Structure formats: structure tokens, C-alpha cells
1. Hey, among the residues in the stretch 49-65 that are touching a strand residue (DSSP E or B) at 6+ places or on another chain (Cβ under 6 Å) and surrounded by fewer than 18 Cβ atoms within 10 Å (Cβ to Cβ), which one's modelled with the lowest pLDDT?
2. Of (1) at pLDDT 80 or above; (2) closer than 22 Å to residue 122 by Cβ; (3) touching a strand residue (DSSP E or B) at 6+ places or on another chain (Cβ under 9 Å); (4) exposed (fewer than 11 other Cβ atoms within 10 Å of the Cβ), residue 69 satisfies all except one. Which?
3. Could you tell me which of the residues 84, 116 is in contact with a strand residue (DSSP E or B) (Cβ under 8 Å, 6 or more places away or on another chain), at pLDDT 95 or above and surrounded by 14 or more Cβ atoms within 10 Å (Cβ to Cβ)?
4. Please verify whether the stretch 24-38 includes one or more residues that are modelled with pLDDT under 95, part of a loop (DSSP other than H, G, I, E, B) and within 13 Å of the chain's Cα centre (by Cα).
5. Does residue 95 meet the test of being exposed (fewer than 12 other Cβ atoms within 10 Å of the Cβ) and either under 17 Å from the mean Cα position of the chain (by Cα) or modelled with pLDDT of 85 or more (or both)?
């Protein structure tokens, strides 16, 4: 029974990943590089990539980010990292929105940094300070 369950979970993960890979990636409308040092680096000012359309937009957004000199970023998912009262039940059925955090690092940084994403709400999108964007 356990082998069957592990196989089913594996198939589910592969199919979920394939749905992101095969789907057209959204065209992010980047307003420029943020002048606000807290944008993306604070739970009070997360990158709002959501709107309830896809849980994977934060992964797609991360795929465009690079270090300050175009370096490839080392990215690892930290997990859920804060909640806020859900102001709009059309975004998610849950009572609270959840922020998702990722650790990023590259040779230009003295230490890893944490990026905060809101996958439910949308907002103006900027490249976080000290990072660059690759189309």
C-alpha cells in the first residue's frame, strides 16, 4: 500500500509540474527596479504575483530574477512565512492569505536574502532592489 501511495504522489507531482511547463507563461509587466529597499524583502511589502490565477506565478517570477551583475541566483523555498486577513474571498477560499518565502543567494551577496511573495493578490511588479531581470 505504501509503494502505491508513493507512486501516486510522484505521478501527481510530475503532472503538476508538467502543467506549469506546458502552460504559456504570463507576461509580467515590470514597472522597473524598486527604489524601496523593503519591496520584496519584507512581509509588509511582498511581491504580489497572484490574484488567484496560478499558484506557480511566484516560481515563474523567480525564474526571471538574476543577481546585480546578471548572476544566476541560488533559490530555495523556505515555505509559508506569514498570513494576512483575506480581504477578498474570490482570491482564495481560505480565511487568510499566506505569504511564501524563498531564500536567494549569489556571489555578489555577503549573505543569503529572503524574498516574500503573495500568490493571491496582484499589484504593480518591480524588480527587487539589487537584482536584475532577464526576459
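The values are calculated or read from the model by the stated rules, or taken from the named source; none is laboratory data. Values in this document were obtained by computation on a predicted structure and should not be read as measured data. Cβ sites come from the backbone with ideal geometry, for glycine too, and all protein chains shown count toward neighbours.
1. 51
2. For residue 69, the failing item is (2).
3. 116
4. Step one: of the stretch 24-38, the residues modelled with pLDDT under 95 are 24-29.
Those left that are additionally part of a loop (DSSP other than H, G, I, E, B): 24-29.
Then drop every residue that is not within 13 Å of the chain's Cα centre (by Cα), which leaves 28.
Checking the stretch 24-38: at least one residue is modelled with pLDDT under 95, part of a loop (DSSP other than H, G, I, E, B) and within 13 Å of the chain's Cα centre (by Cα).
5. Against the criterion (exposed (fewer than 12 other Cβ atoms within 10 Å of the Cβ) and either under 17 Å from the mean Cα position of the chain (by Cα) or modelled with pLDDT of 85 or more (or both)), residue 95 does not qualify.
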